[in-house]
Amino acid sequence: MKDPKILIIIPAFNEQASIQGVLSAVKKHLPVADIVVVNDGSADSTALIAEKEGVVVLNHPYNMGIGATMQTGYKYASRKGYEIAVQVDADGQHPADQIEKLIEPVVKGRADLVVGSRFLGAGEYKPSLARSAGISIFSNVVSAIIRERVTDTTSGFRAAGRRCIDFFAGHYPDDYPEVEALVLLHKKGFSIMEVPVRMSEREGGRSSITPIRSVYYMVKVLLAIFVDLLKKV
């Protein structure tokens, strides 16, 4: 794949504190890429700031969740003929200087989806005990299903190739989709790999995953995974 057409998809919900910095960093480190911000019904100035930065902004009329937001981005990427789509969160946790690490294996045809892992390499990321337990459970379950070791199934920092883009445009989990998406790709025969990346703390806003919601998240995702194993994709 020579000089692929690359799209950076930035899902955003009430990220006015960090969106401008994220956009500036992406433009600096990957000037050849196009950017689309999918504004998921934000009540703040997220969309206005992104528009002033001169990028494409797709607006949901109300908050629909990360699954629907990313699928909107993949639909746009598919319709516009992009060969690689990279998810970069709007909260500043995904450093733009790490994006090329995700893209390289896709360009070289080594994988359909590349996930940036916080737990490979130096292993600088130290989650809380509860979060660590949840990540470990998901990693063990998904690794057993796809018969390949994965360490960071909840990472949203990932790059998808053309075939994967088209698949996600039509099939993408609705709620807390990162883990479930890996199982769906495996069932359809797509190749998945991880690469070590560095991630940062949030630059603004707050996580939607509270301790109570984390329990709900784990149960819901595990149930969704097992349902996916029983149904046709």
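All of the numbers you see were taken from the coordinates with simple rules; none came from a lab. Just so we're clear, the structure is a prediction, and the values are computed from it rather than from any experiment. Methodologically, a virtual Cβ is constructed for each residue, glycine included, from the backbone with ideal geometry; neighbour enumeration extends over all protein chains shown.
Only Cα pairs within less than 10 Å get springs; with that Gaussian network setup on the chain, which residue of LEU182, LEU113, LEU222 has the largest fluctuation?
Largest GNM mean-square fluctuation: LEU222.
Using 0.36 nm per residue, how much length does the chain from ARG79 to LYS220 gain when fully extended, once their Cα-Cα distance is taken away?
Numbers: separation 141, 0.36 × 141 = 50.76 nm, distance 3.11 nm.
Stretched fully, the ARG79-LYS220 segment lengthens by 47.7 nm.
So how compact is the chain: Cα radius of gyration and Dmax in angstrom?
Gyration radius and largest Cα-Cα distance of the chain: 16.5, 47 Å.
What does the helix-only formula give at 222 nm for the chain: each DSSP H stretch with n ≥ 4 adding -39500 (n - 2.57), the total divided by the residues, and the result rounded to the nearest 500 deg cm²/dmol? Don't skip to the end; give the middle numbers.
Values: 8 runs with 99 residues, N = 233.
It lands at -13500 deg cm²/dmol.
Taking R0 as 30 Å, what's the FRET efficiency between LYS231 and SER136 from their Cβ-Cβ distance, rounded to 0.05?
Plugging the Cβ-Cβ distance into 1/(1 + (r/R0)^6) gives 0.70.
Going through the DSSP H helices of the chain, which span 18 Å or more along their own axis at the Cα atoms while scoring at least 0.5 as a mean Kyte-Doolittle hydropathy?
129-146, 211-230
Give the Rg/Rh ratio for the range 1-51, taking Rg as the radius of gyration of the Cα atoms and Rh as the Kirkwood radius, to two decimals.
Computed over Cα atoms, the ratio is 1.03.
At most 15 other Cβ atoms within 10 Å and a DSSP loop assignment: could you name the trypsin sites (Lys or Arg not before Pro) in the range 1-94 that fit?
Sparse-neighbourhood loop trypsin sites (Lys or Arg not before Pro): LYS2, LYS80.
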